[in-house]
Amino acid sequence: MQILKALFIPLFFDIVLSKQLAMPQIVITRVQEKFGFEARDESGNIIRMDSAKESGGKNFGARPMQLLLMGLGGCSGIDIVTILEKQKQTITGFQAIISGERQKDKIPSLWQNVKITFMLKGDVEYDKAERACRLAMEKYCSVAETLRLSGTNLTWELQLNP
């Protein structure tokens, strides 16, 4: 009975976890000569990508490494807005300005330093906004953690009602 239990329980949890953590399906299609690609997710959303002009791109879309920083802004933004709404704060404007510096003379060239400035507007208490930003960047944002684990020096600041 113990052997059967030992085999069944991990199998059960693997099935449950696989249903909870469904893998997204992204399809990348070359739609322009050279490096013009479109990425389509399972919901039909499309993002265009290209390489830099210096390496043969045609400015058809964002560069893949830029998309990672865009993902950081979106992911942390969702977290910040969610936290502040739970705290009954009224947000009338949100903007994230992100700058980054990549490693020099390395392949692959990872993000070395990334700074994100959150600019929030509304009837929001500064302490609550600062806490929401800190929680997003240090606890909840999966993109921030991905960058941190790759060795990125990730910093942020808050500007409230600039």
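The values are calculated or read from the model by the stated rules, or taken from the named source; none is laboratory data. It should be emphasised that the depicted structure is a prediction, and the values quoted were computed from it without experimental measurement. Ideal geometry is used to build each Cβ from the backbone, glycine not excepted, and the neighbour counts take in all protein chains shown.
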Worksheet entry | Hey, residue 89 among the polar types (S, T, N, Q), crowded, with 17+ Cβ neighbours inside 10 Å and at pLDDT 95 or above or not | yes
Worksheet item: If you scan the range 68-86, which residues turn out to be more than 19 Å from residue 135 (Cβ to Cβ) and either buried (at least 16 other Cβ atoms within 10 Å of the Cβ) or at pLDDT below 95 (or both)?
Response: 68, 69
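Matching residues to (1) assigned by TED's automatic domain parsing to the domain that holds residue 138; (2) hydrophobic (A, V, I, L, M, F, W, C); (3) more than 15 Å from the chain's Cα centre (by Cα):
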position: 69; (1), (2), (3): yes, yes, no
position: 73; (1), (2), (3): yes, no, no
position: 77; (1), (2), (3): yes, no, no
position: 80; (1), (2), (3): yes, yes, no
position: 84; (1), (2), (3): yes, yes, yes
position: 87; (1), (2), (3): yes, no, yes
position: 91; (1), (2), (3): yes, yes, yes
position: 94; (1), (2), (3): yes, yes, yes
position: 99; (1), (2), (3): yes, no, no
Discussion item. I'm checking my understanding of the structure. Among residues of the range 126-156 that are surrounded by fewer than 14 Cβ atoms within 10 Å (Cβ to Cβ), of a type outside the set (A, V, I, L, M, F, W, C) and free of Cβ contacts under 8 Å to residues at least 60 places away in the same chain, which one is nearest to residue 92 (Cα to Cα)?
Written reply: 126
Worksheet item: Does residue 104 fit the bill of being exposed (fewer than 12 other Cβ atoms within 10 Å of the Cβ) and not assigned by TED's automatic domain parsing to the domain that holds residue 30?
Response: yes
Item to complete: Collect the residues in the range 38-81 that are touching a helix residue (DSSP H, G or I) at 6+ places or on another chain (Cβ under 9 Å), more than 23 Å from residue 22 (Cα to Cα) and polar (S, T, N, Q), keeping them in residue-number order.
Response: 51, 59
